[in-house]
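Report on the following structure.
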Amino acid sequence: MLGVSHATSGAALGLAVAGLAPQAVGMVATVGTVLTFAGVTAGAALLPDLDHPSSTATRRFSWASWLAARAVRPFSALLFRLTRGPRDTGRGTHRGLTHTLAGALLLGGGTAAASARWGTPVTVGVLFVCLALAIKGLDGLVPGPPSLVIAAGLTWAAEEKLPGGTAGAAGWLGIAVGLGMLVHSLGDAITESGAPIFWPVSIRGRRWFPVGSPRPLRFRAGGRVEMLVVAPLLTALTLGLAVWVVPGVADLVTSVREHLGAGG
C-alpha cells in the first residue's frame, strides 16, 4: 500500500488501542499517552519497508536509513535462503522478515527492552522517528514544511505541553511499534502480492507463504481502489477515532460547532 494508507491505518489502530483499552479496565488515558501511542504506531507502520530501496523508511533519515536498509535486506535474504520451503520462490529481500509477525514481535520486544532500560530518551527518540516517517507518508495529503521539523516540534509538544506527556506511553512503546509493523503487513496482505505474515509456519509447502485476502477482494498498491476508496476511508476513520477517544477533542469540536452556529 501507499505510505498514506500505511500511516493512517497505523494511526487508527493506535488511537483505538490507546484510547479504548484503558477504558476496558476502568482507567482514563491522558491526551499525551493516546497521541504518543498513535504517533508511534503510525510511523512504525512504515518501518517494514526498510527492505525496499526506494521506500520512505529507507530514504527518510539519509545515511542512517540507508545503513539500516543495507542491514535489513541482506539479513532478510539470508533468512529466506536458510528457511525457505520446497515451493518458496523469490529472494526474500522485499516483503520478507519485516513483513512477518515474528519480525514485529522482534522489533517490538527490542523497543520495549530499550524503553525499560533507558526510559524517556528512548520514548522521545522513537516518537520523533515515527512521527517523521508518518508525516512523510502523509505528504500527499498534508504538504508543507519538512517533516523532520514538524516531527521535532510535535515531539517537543507531546513531552512538554500535552497533559500526561509521553510518560504514560513508555510502558506500551514496544506494543505500539509491534502493532504498527503488523498493521503494515496486514495492509500489504490485502493487495495483490500478499505478505508472509505467518513465517516460519509452513503453508502449502511454503514457509514464506504470501497470506492475503480472497483474490477478488485484493487491489493493486497505488491503484484506483486504494486512491479513491481505501485511503479516504482510513483517513476518515483516523479523524473519527481522534474525536472519539482523545480526551477533550469531542468537547472542542462541539464548542466549535456551537460557535459557528451562533455566528451564523
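The values are calculated or read from the model by the stated rules, or taken from the named source; none is laboratory data. Owing to the predicted nature of the structure, the values given are computational and were not obtained by experimental measurement. When we count neighbours, we look across all protein chains shown, and the Cβ atoms used for this are built from the backbone with ideal geometry, even at glycine.
Do we have any residue at all in the range 206-220 that's in contact (Cβ under 8 Å) with a residue 24 or more places away in the chain, over 23 Å from Ala104 (Cα atoms) and part of a helix (DSSP H, G or I)?
Scanning the range 206-220 turns up at least one residue that is in contact (Cβ under 8 Å) with a residue 24 or more places away in the chain, over 23 Å from Ala104 (Cα atoms) and part of a helix (DSSP H, G or I).
Here's the yes/no breakdown for (1) at pLDDT below 95; (2) among the acidic types (Asp, Glu); (3) closer than 23 Å to Ile190 by Cβ; (4) surrounded by fewer than 20 Cβ atoms within 10 Å (Cβ to Cβ):
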residue	(1), (2), (3), (4)
Thr93	yes, no, yes, yes
Thr98	yes, no, yes, no
Leu101	no, no, yes, yes
Ala104	no, no, yes, no
Gly109	no, no, no, yes
Ala116	yes, no, no, yes
Pro121	yes, no, no, yes
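Which number in (1) surrounded by fewer than 21 Cβ atoms within 10 Å (Cβ to Cβ); (2) at pLDDT 95 or above marks the one condition that Val25 misses?
Looking at each condition in turn, Val25 falls short on (2).
Within the range 189-199, is there a residue that is part of a helix (DSSP H, G or I), at pLDDT 90 or above, under 22 Å from the mean Cα position of the chain (by Cα) and closer than 26 Å to Cys130 by Cα?
Yes, the range 189-199 has at least one match.
If I filter the range 26-43 for residues that are more than 16 Å from Ile135 (Cα to Cα), of a type in the set (Phe, Trp, Tyr), outside any loop (DSSP other than H, G, I, E, B) and touching a helix residue (DSSP H, G or I) at 6+ places or on another chain (Cβ under 8 Å), do I get at least one hit?
Checking the range 26-43: not a single residue is more than 16 Å from Ile135 (Cα to Cα), of a type in the set (Phe, Trp, Tyr), outside any loop (DSSP other than H, G, I, E, B) and touching a helix residue (DSSP H, G or I) at 6+ places or on another chain (Cβ under 8 Å).
Only one of these conditions is not met by Thr83: (1) out of contact with any Pro (no Cβ under 8 Å at 6 or more places or on another chain); (2) surrounded by fewer than 24 Cβ atoms within 10 Å (Cβ to Cβ); (3) within 30 Å of Gly205 (Cβ to Cβ). Which number is it?
It is condition (1) that Thr83 fails.
From the list Leu127, Leu50, Leu133, exactly one residue is part of a helix (DSSP H, G or I) and more than 21 Å from Ala221 (Cα to Cα). Which is it?
So the residue among Leu127, Leu50, Leu133 that is part of a helix (DSSP H, G or I) and more than 21 Å from Ala221 (Cα to Cα) is Leu127.
Just to check your reading of the model, which residue among Thr8, Thr36 is under 29 Å from Pro247 (Cα atoms), in contact with a Phe, Trp or Tyr (Cβ under 9 Å, 6 or more places away or on another chain) and not aliphatic (A, V, I, L, M)?
Just a single option satisfies the conditions, and that option is Thr36.
Only residues that are of a type in the set (Gly, Ala, Ser) and either in contact with a Ser or Thr (Cβ under 7 Å, 6 or more places away or on another chain) or crowded, with 24+ Cβ neighbours inside 10 Å (or both): list them for the range 168-184, please.
If the condition is that a residue be of a type in the set (Gly, Ala, Ser) and either in contact with a Ser or Thr (Cβ under 7 Å, 6 or more places away or on another chain) or crowded, with 24+ Cβ neighbours inside 10 Å (or both), then Gly168, Ala169, Ala170, Gly174, Ala176, Gly180 are the ones that fit.
Out of (1) over 21 Å from Arg91 (Cα atoms); (2) buried (at least 22 other Cβ atoms within 10 Å of the Cβ), the odd one out for Ala195 is which?
(1)
Sort out which residues of the range 226-244 are surrounded by 16 or more Cβ atoms within 10 Å (Cβ to Cβ) and of a type outside the set (Gly, Ala, Ser), and write them in order of number.
Glu226, Val230, Leu234, Thr235, Leu237, Thr238, Leu241
Could you check the range 65-98 and list, in sequence order, the residues that are in contact with a Gly (Cβ under 9 Å, 6 or more places away or on another chain), among the small types (Gly, Ala, Ser) and in a helix (DSSP H, G or I)?
Once the filter is applied, which keeps residues that are in contact with a Gly (Cβ under 9 Å, 6 or more places away or on another chain), among the small types (Gly, Ala, Ser) and in a helix (DSSP H, G or I), the range 65-98 yields Ser76, Ala77.
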